[in-house]
Amino acid sequence: MSRAIPGLHHVTAISGPPQANVDFYVGTMRQRLVKRTVNFDAPDTYHLYYGDRTGSPGTILTFFPFADAAPGRAGPGMASAVAYRVPPGGLDAWMVRLAEDATDFEGPSGRFGERMVALADPDGLRIELIEAAGPSGADRTPTDDGFHSVTLWLRNPEPTARLLTELFGYEHAGEEADASGRRRRLSAPGGGRGSVVDLLRSDAPSIGRQGAGTIHHVAFRAESDEVQREWRERVAAFGLDVTPVIDRQYFNAIYFREPGGVLFEIATDPPGFATDEDEAELGTHLMLPPRYERRRADIERVLPPIRVPA
């Protein structure tokens, strides 16, 4: 059994119309669209996955794009931001790139001794770029260092911190105050991709509402099906209601609400995104789970066409 959760697997959010979403994440953020499929529970809606060249765990940001989605609003009990890791010395180049793309951003500023900028995607989701030392070797690509962290906005961070430390094996990595509130940092051992979770305590008068521009859930890594089964037993023993294992085709998933209200998932690393497409063609075709193949023609008529920037 793993001693600790190694970090984030993916983050899933809600967006408005898919084309603006694709243009931003492939064009502005230089991510690869690694899978275009459908929401397994509502196949008349896309499920789009962005990541590094192969869709490695710890790089994957996914979206349910709804053309008529009402704007959402982050608030207590929700994940409020996702941050990408930028290699040391790389933030200046990103700021030039964003300026050339006419993309507004805040900063640079500092957080826990690291330089960062923040921007919003077309639906208002907060995206942060944080300059930090990252993994090397096989776990790092030349163009994408994957996630740095996710921020959870909580009225009371103590129960969530207890879950992350006592159950997930995270370690306290500091506290500081900024303009948004008081922030507590927890980190998974090893310092790999997506190993940081920030717990933000803010008294800002906001009531969260799911909708376009909000994060739906945060998924953590399990290295195998066996490890995931053991995590499921541990989550249940911790006193939380956890779902059975659900087959999501590219990973298996279990879900539960952490004490602060954020929906957590634990997803397996295998089988990955090259199970139904060659690596060179990832994201170029609409891939459907087998149970929907007989409905392909109807589904394709409903889904709006999308164009992926070169």
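Can you give the extra length, in nm with one decimal, that the chain gains between Arg229 and Leu286 once fully stretched, where that is 0.36 nm per residue apart less the Cα-Cα distance? Walk me through the intermediate numbers first.
Numbers: separation 57, 0.36 × 57 = 20.52 nm, distance 3.04 nm.
Length difference between fully extended and current span is 17.5 nm.
Where the only charges are on Cβ atoms (+1 Lys, Arg; -1 Asp, Glu), what is the dipole of the stretch 169-310 about its Cα centre, to the nearest 20 debye? Don't skip to the end; give the middle numbers.
Numbers: 19 positive and 24 negative charges, 122 e Å.
About 580 debye.
Given a 1.4 Å probe and every protein chain left where it sits, what share in percent of the accessible area of the stretch 217-283 is carbon and sulfur?
Values: 1350 of 2910 Å².
Roughly 46 percent, rounded to a whole number.
Can you show me the helix-derived [θ] at 222 nm for the chain, built from DSSP H runs with n ≥ 4 at -39,500 (n - 2.57) apiece and divided by the number of residues, rounded to the nearest 500. Walk me through the numbers before you get to the answer.
Working: 5 runs with 40 residues, N = 310.
Theoretical 222 nm ellipticity from helices: -3500 deg cm²/dmol.
When all alpha-carbon pairs of the stretch 225-310 are counted, what percent fall beyond 20 Å?
Percent of Cα pairs beyond 20 Å in the stretch 225-310: 53.
Take every DSSP beta bridge with both residues inside the stretch 1-158 and express the antiparallel ones as a percent of the total, to the nearest 5. Intermediate results must be reported in sequence, preceding the final value.
Working: 25 of 37 bridges.
Of all bridge pairs located within the stretch 1-158, approximately 70 percent are antiparallel.
Computed over the Cα atoms of the stretch 1-84, what is the ratio Rg over Rh, Rh following Kirkwood?
Working: Rg = 13.8 Å, Rh = 14.0 Å.
So for the stretch 1-84, dividing Rg by the Kirkwood Rh gives 0.99.
Using alpha-carbon pairs under 8 Å, 6+ residues apart, how would you state the relative contact order of the stretch 204-310 in percent? Walk me through the numbers before you get to the answer.
Working: 99 pairs, mean separation 24.5, N = 107.
Across the stretch 204-310, relative contact order equals 23 percent.
I need the semi-axes of the equivalent ellipsoid of the chain: take the C-alpha gyration tensor, multiply each eigenvalue by 5, square-root it, list largest first in whole angstrom.
Those come to 27, 24, 19 Å.
Over the chain, what is the relative contact order in percent, taking alpha-carbon pairs closer than 8 angstrom and at least six residues apart? All intermediate terms of the calculation are to be shown ahead of the outcome.
Numbers: 715 pairs, mean separation 80.9, N = 310.
The normalised contact order for the chain reaches 26 percent.
Over the stretch 1-153, how many percent of alpha carbon pairs lie in each 5 Å bin up to the one with the longest distance?
With 5 Å bins starting at 0, P(r) equals 2, 8, 18, 22, 22, 16, 8, 4, 1, 0.
Convex hull over the alpha-carbon atoms of the stretch 48-132: what's its volume per residue in Å³? Mind dumping the intermediate values first?
Details: hull volume 11.9 nm³, N = 85.
So the per-residue Cα hull volume is 140 Å³.
What accessible area per residue, rounded to a whole number of Å², is obtained for the chain using a probe radius of 1.4 Å? Walk me through the numbers on the way to the answer.
Numbers: 13130 Å² over 310 residues.
That works out to 42 Å² for each residue.
Dipole magnitude of the chain about its Cα centre, charges +1 at Lys/Arg Cβ and -1 at Asp/Glu Cβ only, in debye to the nearest 20? Before the final figure, lay out each step's value.
Details: 34 positive and 44 negative charges, 91 e Å.
Taking the Cα centre of the chain as origin, the dipole is about 440 debye.
Using only the Cα atoms of the stretch 124-271, what are the Rg and Dmax in Å?
15.8, 44
Which residue, Pro309, Pro108, Ser180, has the largest displacement toward the positive end of the dipole of the chain when charges sit on each Cβ (Lys, Arg +1; Asp, Glu -1)?
Among Pro309, Pro108, Ser180, the one farthest towards the positive end of the dipole of the chain is Ser180.
The values are calculated or read from the model by the stated rules, or taken from the named source; none is laboratory data. Predicted, not measured: the structure shown is a model, and the values here were computed from it. Because the Cβ atoms are built from the backbone with ideal geometry, glycine has one as well, and the counts that use them run over all protein chains shown. The protein model used for the area step is the full one, side chains on, heavy atoms only, and it has no ligands, DNA or RNA in it. Shrake-Rupley method; radii C 1.70, N 1.55, O 1.52, S 1.80 Å.
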